[in-house]
Every structure is written in structure tokens, then in C-alpha cells.
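Data first, discussion second: the structure below is written as C-alpha cells.
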Amino acid sequence: MDHSARTMLGDKASKSHLTVNTNGGEKPHVWSSSEGGCQIDIGKQIFCNRSLNMKNIIAVGFDMDYTLAQYKPETFESLAYEGTIRKLVYNLGYPQELLEWTFDWKYMVRGLVLDKKRGNILKMDRHKYVKVAYHGFKELSKEDKVGTYGNTLIQDSFDEPDYALIDTLFSLAEAYLFAQLVDFRDNNPGKVPQGTDYSRMYKDVRAAVDLCHRDGTLKQMVAKNPKRYINEDTSIVPMLKMLRASGRSTFLVTNSLWDYTNIVMNFLCASRTSDGGITCNFDWLQYFDVVITGSAKPGFFHEGKHANIFEVETESGMLLNTDNGTPMPQVGNTSPKVLLKGLNKSCRVFQGGSVGHLHKLLSIESSSQVLYVGDHIYGDILRSKKVLGWRTMLVVPELEREVELLWELRDMRKQLRLLRNERDLVEDQIHHLKWALKFESLRNDEKQKMTSAVGELESHRDQVRLAHQQAQWECHQKFHKIWGQLMKTGYQNSHFAHQMGLTMA
Ligand SMILES: Nc1nc2c(ncn2[C@@H]2O[C@H](COP(=O)(O)O)[C@@H](O)[C@H]2O)c(=O)[nH]1
Ligand SMILES: [Mg+2]
């Protein structure tokens, strides 16, 4: 997991170990590098805000896309961007000049919110206070921002249908395209199809992106050359082997269908030939007990959901009916082979179904025995954790760089803390003096002295406040020139960090 789960699971999962002391208590976890010692880059170290006793976990499951398979945004998201533009032009009547547009894959980040009606892109803090707002690519003035999003009696929920949350890495291209179209419409009102307002443009972009995922635009290209679009990660197989060697079951639950899943997993798990080529086979299945494709998460996590589960015939991709996961003979075909074929395999592959089927297939008695690793707060984590009670792990690949930067900027951040403390101290002094002036019986000369001290302190406070704001913004810009730090918005946790926190509480 060169770019993702490694952040959560450790660089060389296979080399990790948990030391247990003689009286049964656990010593701190020690994760060592392959060279021995503890020379692990800061971005790859493990930080924990909630501990999990792995003793109770008997099955560990993974999502595939953007969890085990880390796509390269510069190629994969560009592919989505270009495919979407072609659909806008050729299917939905947008002007040909869109075909000349280019994509800055670093511009958009997760956690942003699109205001579909107004054509704005927002970054909010944990209290849903809008801290950064752009109209297309133009920053809103403070007055416009406060006028639109502040000072409302009833707080906006910033939810669908008027807003869209950019909560998966799959959405970066569509957010960028939305901003481009907003700018384009503002500057060329006559050029977009008649009656196309910002909301309509969002809807068109969404529909076009959706189609790219469904009609093979993206998947055919990835299948032709997975290396161009997916990061190779040689630590996945050792990690899966380690989990299986510990006696745990492993499973995959992905919304991708079997044909694509097989290509991606084969790329990630297959052994390389000496020229770097990949032998295409089904060997990767040996690392899993159950694979569920086309799972339709988050619906999959509804325990009571009645969903047909089909067994996938791996060679042909054919779907076979099952009786809740148990192989069924085809009518007219009494060959016992068909019946037993599925049962004899070490890994069984399915399409559809629901969590109840999975529990049965893995003989799970309590949902707290399952740990699931995914990248999508809503699709993978929220329901599986909150409703079902699975233990969950969220993969946030962006944290690798964020943690590195936090370390590199430690002096700057210390300076920030000092400035903030100074500001708080001065504000405190002002408050005390004002209190004394209002409620204490003072001589005139004392009053005068205090009043002028208040004036001096207030001007000092304003200077410190300005210096603090300036330093804070400079610090944020080191993370991202427009949106700042992923996990923070100003001094507060960002909306995204808050959502992440909810999935861990
Ligand atoms: N039809 C759509 N499919 C989408 C969209 N965004 C992503 N995807 C597909 O979902 C799965 C994710 O798989 P998982 O392993 O993370 O469960 C993958 O096949 C994507 O192509 C979309 O907007 N529309
Ligand atoms: Mg995923």
C-alpha cells in the first residue's frame, strides 16, 4: 500500500509485531522497518486515535478501488476528466471548445462542498462555517462570503440536493470541471446550451462522469494498461499473507464487477516476471476466503436487505444462481459437479447479496469480529460501523503528505501557537481592565491610566491578530495554495476531519 493504507497499517505490515509482556498486558505496538531499527519516514508511521484489540477480530475485509488499488490521479482522474468532456460535447450539446480544456489534478481536494445553485466551491469547518469560498475559480470577497453563507437564522445543512460533497477521490475531476463550466458560463453566457444554469451544469457533469464509470470509458483503458493508472504495491500480498497466517479470514467487498476486479487485483497481487510483466491468472484469489463484487455498497450493509447473491464462474464470468450463497444445480443439469464446484474452492466469488450472506459464508457470529478497510466515509464506513457494528478503518492517502508537512512546518506552527497565546493573553488583559473600569470604584487618574492602557493593548491586539491571521494563512498555503490543510480550516478542524472523526467515535 505504497500510498494509502500503509499510512494506517504500517510500511511493511509483514514485519510488524505486537509485543506482549509476561503478565498478559500489551506493551506499546512496535512496528519495525525491514532493516530493523525504527527508520520509518514520518509520513508512513502509525498514529492512532482509537485503539482496536485485534484479538477479537476473526475476519478482515477490504474495499478495492482507492483502498487496495491506489489510482494515480494524474492519469486516472485525467482519463475521467477527458471522458466526461467528450460526453458533455457529443452527448449533451456543450460547445466543442471544451475539448481544448486541460485539467489541473492537484487543484481540487476531498472535503470540499459544491454549491450547485450558486456555482460556488466551499471549504467549511467542523461547525459548517464557510471559511474559503470560490465562485468557479474566483475567490468570493469576505463580504460576499458572509452575505451568502453567514449570519443566517437557520443554519444551512449543506447537504443534497442543493450541495454535493466531494468525499471520494473519484470526484476530483467532476469538481474541477464544474468550476471550469461556472467560469465559462459567466464569461460566455450564450455558449452553453440554452437554459443551462449552474445546477443543470452540475447535473450534466455528474451524469457524464457516471456514464464514464458504467460504459467502460475508464475501465477499458485501465484494463489495457493497469500500470499507467494504478500504483504498484508490493506490500499488499505480504499483508494479506500475514493476516491469513494469523488464522483470520480475509474478504473483499467491492462495487466493481468481476471482470474489472479480476484485472485490478491481478495487477496488485500477481508476481512479476523478470521483465516486469504480469502473469495473468486467478492466483490472487488464494489470499481471500470470499470475494463479493458488484456489492452496491452502502446498500449492501442493510442487514435485512433482500438481495440475490450469485456465484461468479471465474473463468467465464458467468453468474450462477445460489440459494443464499449455497450452490444450486442448474435445472436440467443433474451433474453433481456443478453443485460441488463452488464448495470445493478455497475462495468463492460472488456478485450482489448483502451483509447477511457474507456473515454466513464466513461463519461470523458477531459483527464486532469483523474489521473492514475502506476509503469512502459513506459508502464503506458509516453504515457498516454505525448500524452494523463492524470495526472499520478509513484509508486517507492524503494524510501521508499532510503528516510530513506538519513535521516540516513544526517551527512555523510553534510560532503560530505563540502568536495565538499572545493574542489570547492580550485579550484577557483588555477584558480585565474593561471590567475594572465598568464595575470598580476608581479614582479619576486610575481611570485615565487604565483607559489609555486599554487603547494601547487594543492596538497591540490588532497587530498580533493580523500577524496571526497572516502566519496562519501562510502555513495553510504550504499544504494547498487554495484550500489549505485537509484536516483543518483556520484554527478549527475541517468539515472533512469532523466527518472522519464521526466514523471513528
Ligand atoms: N456508476 C458509477 N460508478 C462509480 C462512480 N464513482 C465511482 N464508481 C465506481 O465504483 C466502484 C468503486 O469500487 P469500490 O471498490 O471502492 O467499492 C468502481 O468500480 C468505480 O468505477 C460514479 O460516479 N458512478
Ligand atoms: Mg473504494
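The values are calculated or read from the model by the stated rules, or taken from the named source; none is laboratory data. Remember, predicted model here, so these are calculated numbers, not experimental data. Glycine gets a Cβ as well: all are built from the backbone with ideal geometry, and neighbour counts include every protein chain shown. Remember, those area values only see protein heavy atoms, side chains included, never the ligands or the DNA or RNA. Shrake-Rupley method; radii C 1.70, N 1.55, O 1.52, S 1.80 Å.
Contact map, segment 370-381: residues that are assigned by TED's automatic domain parsing to the domain that holds T254 paired with residues that are within 6 Å of ligand 2 (Cβ to nearest atom) and of a type in the set (F, W, Y), Cβ distance under 9 Å, separation 6+ or inter-chain. Pairs shown: G374/Y66; D375/Y66; H376/Y66. Of all residues assigned to segment 164-172, none qualifies as being open to solvent by 30 Å² or more (accessible area, probe 1.4 Å) and more than 26 Å from the chain's Cα centre (by Cα). Scanning segment 352-389 for residues that are over 18 Å from the mean Cα position of the chain (by Cα), outside any helix (DSSP H, G or I) and more than 15 Å from ligand 1 (Cβ to nearest atom) gives S363, I364, E365, S366, V370, V387, L388, G389.
In the set (1) at pLDDT 80 or above; (2) surrounded by 16 or more Cβ atoms within 10 Å (Cβ to Cβ); (3) in contact with a strand residue (DSSP E or B) (Cβ under 9 Å, 6 or more places away or on another chain), S78 fails one condition alone, (3). Considering segment 111-180, the qualifying strands (runs of 3 or more DSSP E), each wholly inside and each with 2 or more residues that are among the β-branched types (V, I, T), run over 130-135.
Taking the criterion of being closer than 30 Å to M318 by Cβ and either within 16 Å of ligand 2 (Cβ to nearest atom) or not assigned by TED's automatic domain parsing to the domain that holds G379 (or both), the residues of segment 233-257 that qualify are I236, F251, L252, V253, T254, N255, S256, L257.
Screening K447 against (1) part of a helix (DSSP H, G or I); (2) loosely packed, with under 13 Cβ neighbours inside 10 Å; (3) at pLDDT below 95 leaves a single unmet condition, (2). Note on segment 203-225: residues that are surrounded by 16 or more Cβ atoms within 10 Å (Cβ to Cβ) and over 20 Å from T168 (Cβ atoms) total 1.
The number of residues in segment 203-232 being under 30 Å from E160 (Cα atoms), away from ligand 2 (no atom under 16 Å from the Cβ), of a type in the set (D, E, K, R) and touching a helix residue (DSSP H, G or I) at 6+ places or on another chain (Cβ under 8 Å) comes to 2. Of the residues making up segment 236-268, just one is more than 22 Å from W390 (Cβ to Cβ), surrounded by fewer than 19 Cβ atoms within 10 Å (Cβ to Cβ) and of a type in the set (S, T, N, Q), namely N266.
Yes or no: V182 at pLDDT 95 or above, touching an Asp or Glu at 6+ places or on another chain (Cβ under 9 Å) and either of a type in the set (A, V, I, L, M) or in the same structural domain as S256 (by TED's automatic domain parsing) (or both)?
Values: at pLDDT 95 or above: yes; touching an Asp or Glu at 6+ places or on another chain (Cβ under 9 Å): no; either of a type in the set (A, V, I, L, M) or in the same structural domain as S256 (by TED's automatic domain parsing) (or both): yes.
So V182 does not fit the description; no.
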